[in-house]
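Participant: Before I ask anything, here is the structure I am working with.
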Amino acid sequence: MVLQNDFKRQWELVQGSALEAVRRVGASGRYILGQEVESFEAALADFCGIRHTVGVGNGMDALEISLRCLGLKQGDKVLTTPLSAFATTLAILRSGGFPVFVDVDELGAIDLGQCRQLLERDNSIRFMVPVHLYGFPMSLPELGRLQQDFGLSIVEDCAQAIGASYAGAPVGTVGQAAATSFYPTKNLGAMGDGGAVLSNDATVAEKAKTLRDYGQSSHYAHVEIGLNSRLDEIQAALLHDAFLPYLSQWTDHRRRVACAYHDQIDHPNIQLLRPPSEMNPIWHLFPVRCGEGKRDSLLRHLRSCDIMTGIHYPRIIPDQVALAGKALSHTAVDPTIARRFANEELSLPIHPFLTDQEISTVIDACNKWKE
């Protein structure tokens, strides 16, 4: 079986350093917000090219905390994408924001041209949460121009894009804050949950540290209405010792797999997404589009060839039942392209432990599909 992710192979590689990390944390007698979290935060900041990182409980909390650090108030409009995991919008709602949706571009990212048009019409929008979807970095120069032209407070959702860059600039460096996730399936995943707030602003980082720990500025001194959202010492140690050291190597392998797929998959009804040269994606996913009504046929065919696939995402956020019939959000532009992605997208296996034979198996199966 060709899997979407292969954690057993990963464990075979990292178990020595992982077990030593667990031993070290156990021997320390300190399990919450100690040296392991501080060490990992420093290493992650260095890897991402960002001055400050703050470990939190998960990626959604990282988004919520980031928005609150930037001063989001109840009812403030937040420009965001209709095509993402629901956690992106849920974080906006939990922090008191009012999501405003436009459509996406042909790579699945929020359409920055539509964002500009909307911001020109509605000067009450002062917050934005764009998503670097699938591991593709969106145009950071254009995002920066939107920020400057309209005075936006931006939180970049980098949960799928750690290590991606655009024209040499790392994702997460345009917004006043960024958020990432260490959910196990992410390119940098923990053995459990976790996330981080990233920022070049020391004030944002300090407030994030307060908010993640019940709103405490010091022990039992509560200056904010905070959360219980702390990255565990044991997950920080595992990330620092067992996973982060391999991240560049694993990303290189994902890129080699993507190159092989792009070079050799040649089926008229499998549309491959091809980022432009200035994008340096990290291929968290390898999405293809199959055409209206053909995805299930390709999915069944690949499953018959013992190849596992995924759908990201089968229903756009504005169409989710949780938002239906409630005045919780606004769709400013009909998300036509986003709905096409929802109806047509299929994710092929792409992970650091795919063998050459498995890559060839996926390519051969795709090319032999008879829809």
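Participant: Would you point out which residue out of ASP334, ASP306 is more than 17 Å from LEU133 (Cβ to Cβ), out of contact with any helix residue (DSSP H, G or I) (no Cβ under 9 Å at 6 or more places or on another chain), outside the structural domain of ALA87 (by TED's automatic domain parsing) and in contact (Cβ under 8 Å) with a residue 60 or more places away in the chain?
Facilitator: Being more than 17 Å from LEU133 (Cβ to Cβ), out of contact with any helix residue (DSSP H, G or I) (no Cβ under 9 Å at 6 or more places or on another chain), outside the structural domain of ALA87 (by TED's automatic domain parsing) and in contact (Cβ under 8 Å) with a residue 60 or more places away in the chain holds for just one of ASP334, ASP306, which is ASP334.
Participant: So which of LEU33, LEU44 is closer than 21 Å to MET191 by Cα, among the hydrophobic types (A, V, I, L, M, F, W, C), surrounded by fewer than 21 Cβ atoms within 10 Å (Cβ to Cβ) and touching a helix residue (DSSP H, G or I) at 6+ places or on another chain (Cβ under 8 Å)?
Facilitator: When all the criteria are applied, what remains is LEU33.
Participant: In addition: Which is in a helix (DSSP H, G or I) and either β-branched (Val, Ile, Thr) or exposed (fewer than 13 other Cβ atoms within 10 Å of the Cβ) (or both), of ARG23, ARG9?
Facilitator: Going through ARG23, ARG9 in turn, just one is in a helix (DSSP H, G or I) and either β-branched (Val, Ile, Thr) or exposed (fewer than 13 other Cβ atoms within 10 Å of the Cβ) (or both): ARG23.
Participant: For GLY291, which of the numbered conditions (1) within 26 Å of PRO137 (Cα to Cα); (2) out of contact with any strand residue (DSSP E or B) (no Cβ under 6 Å at 6 or more places or on another chain); (3) modelled with pLDDT of 95 or more fails to hold?
Facilitator: Here GLY291 clears every test but (3).
Participant: Then there is this: From LEU231, LEU211, LEU198, which residue is at pLDDT 95 or above, over 19 Å from the mean Cα position of the chain (by Cα), under 19 Å from GLY55 (Cα atoms) and of a type in the set (A, V, I, L, M, F, W, C)?
Facilitator: On inspection, the qualifying residue turns out to be LEU211.
Participant: Inspect the range 270-278 for any residue being surrounded by fewer than 21 Cβ atoms within 10 Å (Cβ to Cβ), on the phi < 0 side of the Ramachandran plot and either more than 23 Å from the chain's Cα centre (by Cα) or among the hydroxyl-bearing types (Ser, Thr, Tyr) (or both) and give the result as yes or no.
Facilitator: yes
Participant: I would also like to ask the following. Tell me which helices (runs of 4 or more DSSP H) are completely within the range 252-371 and hold 3 or more residues being over 27 Å from THR81 (Cα atoms) and of a type in the set (A, V, I, L, M, F, W, C), or say none if there are none.
Facilitator: Numbers: elements: 295-304, 336-344, 356-367.
So the answer is 356-367.
Participant: Could you tell me whether any residue of the range 163-174 is aromatic (Phe, Trp, Tyr) and under 21 Å from LEU79 (Cα atoms)?
Facilitator: Looking for residues that are aromatic (Phe, Trp, Tyr) and under 21 Å from LEU79 (Cα atoms), one finds none in the range 163-174, hence no.
Conditions (1) buried (at least 20 other Cβ atoms within 10 Å of the Cβ); (2) of a type outside the set (Lys, Arg), marked per residue:
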site: GLY163; (1), (2): yes, yes
site: ALA177; (1), (2): yes, yes
site: THR180; (1), (2): yes, yes
site: THR185; (1), (2): no, yes
site: GLN216; (1), (2): no, yes
site: ARG230; (1), (2): yes, no
site: ARG256; (1), (2): no, no
site: ASP266; (1), (2): no, yes
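Participant: Identify, please: which residue in the range 188-214 is over 28 Å from ALA27 (Cα atoms) and hydroxyl-bearing (Ser, Thr, Tyr) and is, among those, surrounded by the most Cβ atoms within 10 Å (Cβ to Cβ)?
Facilitator: This residue is SER199.
The values are calculated or read from the model by the stated rules, or taken from the named source; none is laboratory data. Quick caveat, the model's predicted, so the values are computed rather than measured. As a convention, Cβ positions derive from the backbone with ideal geometry for all residues, glycine included, and neighbour counts pool all protein chains shown.
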